[in-house]
Amino acid sequence: MTNHLNVVGHPLPKVDAWDKVTGQTRFADDLVLPRTLYCKLLRSPWPHARIRGIDPHQAQALPGVFAVITGHDLPVKYGILPVSQDEEALALEKVRYVGDPVAAVAAADEQTAEEALNLIEVDYEPLPAIMSIEEALKRSDVPIHDYGDNRNVHKQVSLEFGDVDGGFAQADYVREDMFYFEGNTHLPLEQHSSMATFGPDGKLTIWSSTQTPHYLHRALEKTLGIPRAHIRVIATPNGGGFGGKSDPFNHEIIVCKLAIQTGRPVKITLTREEVFYAHRGRHPVLMWIKTGVKNDGRITAMDFKSFLDGGGYGSYGVASTYYTGALQTVTYDVPAYRFRGLRVFTNKPPCGPKRGHGTPQPRFALEVHLDKIAHDLGLDPYAMRRAHIVPDDSMTINQLHVTTNGLGQCLDAVVKASGWAEKRKPESAWRTTHTEQGEAARTLTSERGAGNATARPGAEKQPYSLPSPATRPRGIGLAGSSYISGAGLPIYWNNMPHSGVQIKIDRGGGVAVFCGSTDIGQGSDSVLAYIVAELLGIEPKDIRVITADTDLTPVDLGSYSSRVTLMTGNAAIEAATKLRKILFEVAAEKLRVPPESLSAKNRLITCEDDENRVLPFVEVVQMAEARHGTLGAVGSYTPAITHGKYKGSGVGPTPAYSYSACIAEITCDPETGEYTVDKLTLAHDTGKAINPLLVIGQVEGSAYMGLGEIMMEEQVFRKGLHKIPSMLDYKSPTTLETPEMSTILVETLDPNGPFGAKESGQGPLLPVIPAIANAIYDALGVRIDEVPATPEKILKALELKARHEEPRIGPKRIPDYAFPPPLKVPPLPLKVKEASPLVTR
Amino acid sequence: MLRLPPFAYWSPRSLTEAAQMMAAHGPDAMYVAGGTDLYPNMKRRQFEPKHLIGLRRVPELNEFSAEHGRGFRIGAGLTLTQVASHPLIRQVHPALATAAALVSTPQLRNMGTYGGNLCLDTRCNYYNQSYFWRKSIGFCMKKDGDICLVAPGSSRCWAVSSTDTAPGTIALDASVRLVGPQGERVVPARALYRDDGMEYLAKAPDEILTEVIIPPAKGLRSVYLKLRRRGSFDFPILGVAVALRQDGDGTVRHARVVLGGVQSYPMECDDAEKMLLGQRLTPELIDAVAQAAYKPAKPLDNTDMAHGYRKKMSKIYVERALRTFLTQ
Ligand SMILES: Cc1cc2nc3c(=O)[nH]c(=O)nc-3n(C[C@H](O)[C@H](O)[C@H](O)COP(=O)(O)OP(=O)(O)OC[C@H]3O[C@@H](n4cnc5c(N)ncnc54)[C@H](O)[C@@H]3O)c2cc1C
Ligand code: SF4
């Protein structure tokens, strides 16, 4: 095999691009079956209440209503994590947030279903609502659940690695900071939607916008009491997920139950408001960090505390809690580390995994904290980070194996491309030569046609149109980060593969690839096609990819934790390599050359030493089928991870860490506190870009999402209710707020990745948030130690600065919670050689 | 998805027919133009009219005329896109063209009308919510309840005037023509509004706003500035329209300063206007005028962004609006 790649590494269209751009893709809500009934859920108006009784009789009697069910019809509890089986599809005894479903109706149409909901009588006994971390810890007399590590504490963690106190003693400088990251939600354009049918054969089928069909399969078996062999879960293409479709959801279980009861297809599509209640988004996290450093910025010890506001149910929360403390160590060398974290229950929609799952909050804290340390020590924040990068093939103090680390290259790349060194200087001309160009560019791109309605250009995007340039400070900020390429362990304990791929070759040369993975827009179907096409020497178009159907496709654990490219990619390599071997053997015999001399490309199998010895792919396929019978092969992948053996060591390990860096340039308006992000320079170590276009798309999409989080997005509550559950009022940036982005891909060829590839779907979000926060400081000299950093907060900080008070907005204290004494984990020997799985470079 | 409540849709072809249809259905009927305000509200059950009388095909509403020396007459049925892109409006009354251009998104401006914008329901983030949400928190007096959730204890509703074009329209001293079963009348635009979040229009429900009459500019110059979180989509949480007529030496002879988004009606700042008359603009005067203008602004915590912040911004925005006249 030559090292020359014909498909992998090329900027090809996605395999589903034509369907998407012509509107042919069928999302769950596009599906229609004859006799379909429509489901609506009755949701709790109380944040916290006991259910004394539900009377569905009147609703049942309404013409057009086919079924009404309550918690008694679905009494089995479930939850994504085995340790947090705390959800009921319909609340039985208690509701735990406004929006918690208590009853469901299946009716001939949505209007009738809606009408029926109004006829269901629920008798509630309201309980005090717990709406914050502090309250949850204080009100131990109001338990939201009857399980957990402590009253209203779902999970607490206390770990210590290496000699932390000793590390602090060696430090030249020690700094402590506190941060708060407000929660936010995924906001996928597609609302959750599911349709179920139950056939006369006693078999159940559900089409659903889920990122995790396999876990849904298990939850349905558990809650419905039907063997999985009789349940078929088909994940429809997701119109965005971002982690918001990774739990098994109550509405999914409910439409199945209603389909069983009525014998008719039952469908539900959540309203946008209901998506805000389904949530599972970014946890609000309060953080405290203390770091000891040498004068050159080398870290000697770090101590970190996190307090997560989990909402009403467990969801992925135990993992989220660990993730807030896991990846601090894989970027810059941390020789001693203590982590204490807890997650409380509150009466809000449950939080869970959102792009970056549990790591953007601590990454924000860490990168701003390091920026402050750099300023305190008079160091260049870039140079300080650059000097202490965790080396390749090393073991961190908390026992995470870093195979390849491209953070140094990423930092170098963004520093060079952005002109960091020059712009950072206080006297740099860049700081004052902003203005009209940027404005004009914005105005031109913004709302064409109407943009020139005023005499003055620039009026479209106020308010920068008026003050003189001297009052518009610019700032530049930098941050680095890391993320996992797939969790090392599955959600439930088992020793089976994480990903399976099956390939079948047709006599006509068509190749079908079957895999349980779910394309949520990230391009996982395409990656399968590229990899198989590469290895068999055919075109992606010759391949039909069939995914996310539990009847047809081998298990893949799902589209979460950035695992899909790496894991399905490796499984696909294994399956395709088996078939290629068969094809090469048959071809070699016919051509009378050794199989090693063959290569596959352009739908031909060619002898590299003699190009005249060549056979068309189809011919070889037919010869092979004649010889061996039907052509098919399977491949699977299980991460070979030697993770630590301490309790909690399962969260953090991955086959490969991705790395990212970002430099943000902003312009501020000190009179209003507003700022525009002018430019983001991004670099991402993706190992190997299987398709650079898709990777750049993921990097920029992530950056856009991070931009929204730092600038404006917040899932906030008032009087027990979500304050702004609509796409108009929950502010998420438009194209007008989205800056120019320049993306550089760094390839480190990780030994564990398919063709060397690592993730790119989540990691690039992480550095954007702290980079912008650091840029605000650079521009205005104020610290916003909270996410989002809104104009109100900036203005307040500027007022503090003017009054010569500490120019900072952020938390001033953390709860004084008595964590259990840390579990002391001794360091592992520095290097652990592990059996690398398939390596194909 | 949220569904519209059932209703009958009527499509009159003349003003007379529209008024007749309204008379026939009485309080069960409402007018609808672009529907960009009304339909979302109907989905959330703020309104459940049994009959909608569509104004799109009423020719009298879709006219524009500019006669020399007689100002502009702008049909209420013109879309915001039409108002924003009309060369004469842009040239002569930038405050109005800008305001129309800054409404919401291009798609909504293609549907939404000038008349609908002037009649826009007042907004409050306790009110612009689904039926489920409002029921959960407890209904407020603007719809289905009898208390105010923003200002408990208040006997009135403080929902916010959020129309982008009203401040400019008032600042231009425009009038509106209202046609109802009782006949027609022309009233100053400022008299269209009432200081009441619920009964925010001084117009009978059966009256149609047919056109806006803008007097000749005669050297009047105007500007509109809008505060919102994002560059698109968002309603104004503050709108500032300023119109001035100045002598050759800069002396202000006529002044209008109107604030949107700070009260239940577009607030004209009389004090500020008086301070400007007979003066030339200086940074000191601008500062004093802005001070006077922002004092009566009374944002409450019922829109996007903190109300204290919005109050502070009213001063900055008035200042900035006035400063444009220094550089023009
Ligand atoms: C996402 C979103 C963002 C928005 N952003 C903005 C914004 O930034 N700024 C802003 O000002 N508005 C905004 N709007 C509101 C709305 O789109 C505009 O105000 C639009 O101009 C309303 O006009 P319309 O013709 O669609 O009104 P309609 O919805 O048809 O009517 C609105 C009201 O006026 C009445 N009405 C309409 N025409 C007449 C008439 N000729 N005579 C008598 N009564 C009449 C109707 O009965 C109804 O009560 C937004 C709306 C949405 C959905
Ligand atoms: S101001 Fe008060 S009464 Fe008016 S809509 Fe808001 S909450 Fe309701």
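Would you call residue B:118 among the hydrophobic types (A, V, I, L, M, F, W, C), in contact with a strand residue (DSSP E or B) (Cβ under 8 Å, 6 or more places away or on another chain), within 14 Å of ligand 1 (Cβ to nearest atom) and facing another protein chain (nearest Cβ under 10 Å)? So that I can check it myself, show each step before the final result.
On the way: among the hydrophobic types (A, V, I, L, M, F, W, C): yes; in contact with a strand residue (DSSP E or B) (Cβ under 8 Å, 6 or more places away or on another chain): yes; within 14 Å of ligand 1 (Cβ to nearest atom): yes; facing another protein chain (nearest Cβ under 10 Å): no.
Considered against the rule, which asks whether it is among the hydrophobic types (A, V, I, L, M, F, W, C), in contact with a strand residue (DSSP E or B) (Cβ under 8 Å, 6 or more places away or on another chain), within 14 Å of ligand 1 (Cβ to nearest atom) and facing another protein chain (nearest Cβ under 10 Å), residue B:118 comes out as no.
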Legend entry - Scan of segment A:690-707 for residues that are surrounded by fewer than 24 Cβ atoms within 10 Å (Cβ to Cβ) and either of a type in the set (Gly, Ala, Ser) or without any contact (Cβ under 8 Å) to a residue 24 or more places away in the chain (or both), ordered by number: A:697, A:701
Inset, instruction - Answer yes or no as to whether residue B:135 is surrounded by fewer than 23 Cβ atoms within 10 Å (Cβ to Cβ) and within 10 Å of another protein chain (Cβ to nearest Cβ). - result: yes
Inset, instruction - Output the residues belonging to segment B:152-173 that are in contact (Cβ under 8 Å) with a residue 12 or more places away in the chain, more than 14 Å from residue B:100 (Cβ to Cβ), within 14 Å of another protein chain (Cβ to nearest Cβ) and assigned to a loop (DSSP other than H, G, I, E, B). - result: B:162
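Among the residues of segment B:244-303, count how many are hydroxyl-bearing (Ser, Thr, Tyr) and over 21 Å from the mean Cα position of the chain (by Cα). Walk me through how you get there before you give the answer.
First, the residues of segment B:244-303 that are hydroxyl-bearing (Ser, Thr, Tyr): B:251, B:264-265, B:282, B:294, B:303.
Narrowing the set further to residues that are over 21 Å from the mean Cα position of the chain (by Cα) leaves B:251, B:282.
The total comes to 2.
Does segment A:670-677 contain at least one residue that is away from chain B (no Cβ under 14 Å) and either outside any helix (DSSP H, G or I) or over 30 Å from residue A:585 (Cα atoms) (or both)? Full working, then the answer.
In the first step, residues of segment A:670-677 are kept if they are away from chain B (no Cβ under 14 Å); the result is none.
No, segment A:670-677 has no match at all.
Looking at segment A:111-144, which of the residues that are surrounded by 15 or more Cβ atoms within 10 Å (Cβ to Cβ), farther than 18 Å from residue A:155 by Cα and acidic (Asp, Glu) is nearest to the chain's Cα centre (by Cα)?
A:114
Of everything in segment A:75-134, what is assigned to a helix (DSSP H, G or I) and either at pLDDT below 95 or within 14 Å of chain B (Cβ to nearest Cβ) (or both)? Give them in sequence order. Please lay out each step first, then the result.
Step one: filter segment A:75-134 for residues assigned to a helix (DSSP H, G or I), giving A:82-84, A:110-119, A:133-134.
If the condition is that a residue be assigned to a helix (DSSP H, G or I) and either at pLDDT below 95 or within 14 Å of chain B (Cβ to nearest Cβ) (or both), then A:110, A:111, A:112, A:113, A:114, A:115, A:116, A:117, A:118 are the ones that fit.
Filter segment B:194-218 for residues that are in a strand (DSSP E or B) and more than 13 Å from ligand 1 (Cβ to nearest atom); which is nearest to the other protein chains (Cβ to nearest Cβ)? Spell out how you get there, then give the answer.
Let us first name the residues in segment B:194-218 that are in a strand (DSSP E or B), namely B:201, B:208-214.
Add one more test, that the residue is more than 13 Å from ligand 1 (Cβ to nearest atom), and what stays is B:213-214.
Details: B:213: 21, B:214: 16 Å.
The residue in question is B:214.
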Inset, instruction - Could you check how many residues of segment B:114-136 are over 11 Å from the mean Cα position of the chain (by Cα), under 20 Å from residue B:193 (Cα atoms) and more than 14 Å from ligand 2 (Cβ to nearest atom)? - result: 0
Inset, instruction - Answer yes if at least one residue in segment B:228-246 is under 30 Å from residue A:735 (Cβ atoms), within 10 Å of chain A (Cβ to nearest Cβ), in contact with a Leu (Cβ under 6 Å, 6 or more places away or on another chain) and without any contact (Cβ under 8 Å) to a residue 12 or more places away in the chain, and no otherwise. - result: yes
Legend entry - Qualifying positions in segment B:65-117 - hydroxyl-bearing (Ser, Thr, Tyr), touching a residue at least 60 places away in the same chain (Cβ under 8 Å), under 25 Å from residue B:53 (Cβ atoms) and not in a helix (DSSP H, G or I): B:104, B:113
Inset, instruction - For residue A:787, state whether it is at negative phi, of a type outside the set (S, T, N, Q), touching a Phe, Trp or Tyr at 6+ places or on another chain (Cβ under 6 Å) and away from every other protein chain (no Cβ under 14 Å). - result: yes
Inset, instruction - State whether one or more residues within segment B:143-164 are in contact with a helix residue (DSSP H, G or I) (Cβ under 9 Å, 6 or more places away or on another chain), away from ligand 2 (no atom under 16 Å from the Cβ) and farther than 23 Å from residue B:312 by Cβ. - result: no
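Name every residue in segment A:595-612 that is of a type outside the set (Gly, Ala, Ser), over 15 Å from residue A:579 (Cα atoms) and surrounded by fewer than 17 Cβ atoms within 10 Å (Cβ to Cβ), in order of residue number. Spell out the reasoning first.
Pass one, segment A:595-612, residues of a type outside the set (Gly, Ala, Ser): A:595-596, A:598, A:601-612.
Right, trim to over 15 Å from residue A:579 (Cα atoms) and you get A:602, A:606-612.
Listed by number, the residues that qualify are A:602, A:608, A:609, A:610, A:611, A:612.
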Inset, instruction - For segment B:122-164, enumerate the residues that are within 30 Å of residue A:111 (Cβ to Cβ), of a type in the set (S, T, N, Q) and away from ligand 1 (no atom under 16 Å from the Cβ). - result: B:136
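Can you tell me how many residues within segment B:5-60 are within 14 Å of chain A (Cβ to nearest Cβ), in a loop (DSSP other than H, G, I, E, B) and crowded, with 16+ Cβ neighbours inside 10 Å? It would help to see each step written out before you state the result.
Pass one, segment B:5-60, residues within 14 Å of chain A (Cβ to nearest Cβ): B:5-7, B:36-37, B:39-46, B:48.
Filter again for in a loop (DSSP other than H, G, I, E, B), leaving B:5-7, B:36-37, B:44-46, B:48.
Going one step further and asking which of them are crowded, with 16+ Cβ neighbours inside 10 Å, we end up with B:7, B:36-37, B:44-46.
Final tally of qualifying residues: 6.
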Inset, instruction - Go through the residues of segment A:567-577 one by one and say whether even a single one is surrounded by fewer than 16 Cβ atoms within 10 Å (Cβ to Cβ) and over 30 Å from residue A:316 (Cβ atoms). - result: no
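Would you confirm whether or not segment A:205-214 contains a residue that is assigned to a helix (DSSP H, G or I) and out of contact with any His (no Cβ under 8 Å at 6 or more places or on another chain)?
Our first condition is that a residue be assigned to a helix (DSSP H, G or I); within segment A:205-214, this holds for A:213-214.
This time we only want the ones that are out of contact with any His (no Cβ under 8 Å at 6 or more places or on another chain), so: A:213-214.
Scanning segment A:205-214, I find at least one residue that is assigned to a helix (DSSP H, G or I) and out of contact with any His (no Cβ under 8 Å at 6 or more places or on another chain), so the answer is yes.
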Legend entry - One residue from A:365, A:383, A:374, A:413 being surrounded by fewer than 17 Cβ atoms within 10 Å (Cβ to Cβ) and hydrophobic (A, V, I, L, M, F, W, C): A:383
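The values are calculated or read from the model by the stated rules, or taken from the named source; none is laboratory data. No experiment lies behind these values; they were computed from the predicted model shown. So basically every Cβ, Gly included, is an ideal-geometry build from the backbone, and we count neighbours across all protein chains shown.
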